[in-house]
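Accompanying notes for the structure given below.
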Amino acid sequence: MMRTDDSSLSWILSSSDRSKVRLPGTDRARDPAATLEMAGRAARQVGVTRVADITRLDTIGIPTFQAIRPTARTLAVSQGKGVTPQLAKLSAMMEAVELWHAEQPIPPITTASPRDVIGRLSYDIRDLPLSAPTVLHDGLPLDWVAARSLVDGSETLVPVSMVGFSLVRRTGWNPPVFFASTNGLASGNTLAEGILHALYEVIERDAVTAVMTGGDRGVRVDPRTLGSPVVDELCEMMARARVRLEVRSVPSPTELPCFLARITCDDYPPAFAGFGCHLSSEIALTRAVTEAAQTRLGYVSGARDDLQSDVRDDLASKRRPVPAAEPAAAIPELAAHETLLDDLEDVVKRATVAFSHAPVLVDLTRGDIGVPVVRVLAPGSRVCPEVF
């Protein structure tokens, strides 16, 4: 166990981060009832008008919910999944709350070129995800916002356009500079919990991007070898619905468990994928499988704004064919720590080594909404245009 009284992350900690609530398929700082109360209050404030249970639109039965926010500047429909209906409902509402925070205007603290602020940066600006093409150069004026290193809390700057996100049509001159996405946007019961969620997403998408751009596609694994009752039940649900499940362990430079779950069936031919990353192999695998089911339900419901008009398996088209006789390997169990603080210290160290830069944090939390929301950037990590 790491000590928690002299942590370099003490500036973001709450008392809840010195323990954790273990739930089916996830770890949290507080019990779901307390989170549901917080999320429900915040959801109303950000414009969520309805939360819908769409689980029974499909035959699988993995709980999936949608939070409807008609005035959104990004997606009007946010989705959430979980092992239980309560966790799925929370997931949908929290995603809507996160997106609302990213949509709000972020006033810059300065406008300057990278050359003028280089002494205030803890990373190489070209290690941020760039648009293709990009007009970034050392003399380009950029708006900047304050951020802090997750290694030592030191102050740095990040471009405003890497923090906020909106699909509203902009006017005037908007040169292509950085690749805009929601990667690293997350919320939680506490700042530490939100940062963990954000880091897991950044690490997961780095691994997925490597696969989608022709990198090592990992190995096929048998989810039942994990010996997890939660994962076994998810596999049973897939089997009862006559849905084929293929799981691959995807390599990550952080050496964290990252999984790709792909589902297909004869009744609904398109293939749908889900991904998951976590210190715990069980939680990473649960996230991947439930996300695959959520993705499929998104198309069944037809309510999302970002559905592709021609559903296809993009990942399969970009990878080498998998031999039918490829054996499924056993999954080694990696367990998380006893506290969220210890989890966060571990993941920050792994990300720093893997990406050669300390991850940086922008706190988007607003007191009037009351939900900790963060944006985490990991210079040196990868994300591809297929990722929203």
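The values are calculated or read from the model by the stated rules, or taken from the named source; none is laboratory data. These numbers come from a predicted model, not from an experiment. Counting neighbours? That spans all protein chains shown, and the Cβs are built from the backbone with ideal geometry, glycine included. The protein model used for the area step is the full one, side chains on, heavy atoms only, and it has no ligands, DNA or RNA in it. Shrake-Rupley method; radii C 1.70, N 1.55, O 1.52, S 1.80 Å.
Does region 41-52 contain any residue that is among the aliphatic types (A, V, I, L, M), modelled with pLDDT of 95 or more, open to solvent by 20 Å² or more (accessible area, probe 1.4 Å) and not in a loop (DSSP other than H, G, I, E, B)? Scanning region 41-52, I find at least one residue that is among the aliphatic types (A, V, I, L, M), modelled with pLDDT of 95 or more, open to solvent by 20 Å² or more (accessible area, probe 1.4 Å) and not in a loop (DSSP other than H, G, I, E, B), so the answer is yes. Taking region 266-307 as the range and being polar (S, T, N, Q) and either under 20 Å from the mean Cα position of the chain (by Cα) or under 19 Å from Gly218 (Cα atoms) (or both) as the test, the residues that pass are Ser280, Ser281, Thr286, Thr290, Gln294, Thr295.
Please find, among Leu128, Leu87, Leu142, the residue that is over 30 Å from Val48 (Cβ atoms) and either at pLDDT below 95 or touching a Leu at 6+ places or on another chain (Cβ under 8 Å) (or both). Break it down stepwise before answering.
Numbers: Leu87 fails: over 30 Å from Val48 (Cβ atoms); Leu142 fails: either at pLDDT below 95 or touching a Leu at 6+ places or on another chain (Cβ under 8 Å) (or both).
After applying the criteria, what remains is Leu128.
The requirement of being open to solvent by 40 Å² or more (accessible area, probe 1.4 Å) and farther than 20 Å from Asp368 by Cβ is satisfied by Leu57.
For region 241-253, the criterion of a residue being open to solvent by 50 Å² or more (accessible area, probe 1.4 Å), touching a residue at least 40 places away in the same chain (Cβ under 8 Å) and within 27 Å of Asp346 (Cα to Cα) is satisfied by at least one position.
Count, please, the residues in region 127-147 that happen to be in a strand (DSSP E or B) and surrounded by fewer than 19 Cβ atoms within 10 Å (Cβ to Cβ). Don't jump to the end; show me each part of the working.
Let us first name the residues in region 127-147 that are in a strand (DSSP E or B), namely 130, 142-147.
Those still in the list that are surrounded by fewer than 19 Cβ atoms within 10 Å (Cβ to Cβ) too: 130, 143, 146.
Residues flagged as in a strand (DSSP E or B) and surrounded by fewer than 19 Cβ atoms within 10 Å (Cβ to Cβ) within region 127-147 amount to 3.
Applying the condition of being basic (Lys, Arg) and buried (at least 17 other Cβ atoms within 10 Å of the Cβ) to region 66-107 and asking which residue is nearest to the chain's Cα centre (by Cα) yields Lys81. Note on region 178-235: residues that are open to solvent by 30 Å² or more (accessible area, probe 1.4 Å), within 19 Å of Asp127 (Cα to Cα) and among the hydroxyl-bearing types (Ser, Thr, Tyr) amount to 1. The lone criterion from (1) open to solvent by 20 Å² or more (accessible area, probe 1.4 Å); (2) farther than 21 Å from Ala198 by Cβ left unmet by Ile62 is number (1). One residue stands out among those in region 44-80 that are among the aliphatic types (A, V, I, L, M), touching a Phe, Trp or Tyr at 6+ places or on another chain (Cβ under 9 Å) and touching a residue at least 24 places away in the same chain (Cβ under 8 Å): the one that is nearest to Pro229 (Cα to Cα), which is Ile54.
Considering region 254-274 alone, what residues qualify as being within 22 Å of Lys349 (Cα to Cα) and open to solvent by less than 40 Å² (accessible area, probe 1.4 Å)?
At the first step, the residues of region 254-274 found to be within 22 Å of Lys349 (Cα to Cα) are 254-259.
Scanning region 254-274 gives Thr254, Leu256, Pro257, Cys258, Phe259.
Return the pairs, sorted by first residue and then second, in which the second residue is of a type in the set (Ser, Thr, Tyr) and buried (at least 19 other Cβ atoms within 10 Å of the Cβ), the first residue lies in region 293-306 and is closer than 13 Å to Val243 by Cβ, the beta carbons are less than 8 Å apart, and the residues are 6+ apart or on different chains. Cβ pairs passing all conditions: Ala293/Thr64; Leu297/Thr64. Taking residues in region 329-345 that are aromatic (Phe, Trp, Tyr), and partners anywhere that are assigned to a helix (DSSP H, G or I), not one pair has Cβ atoms closer than 7 Å while being at least 6 places apart or on different chains.
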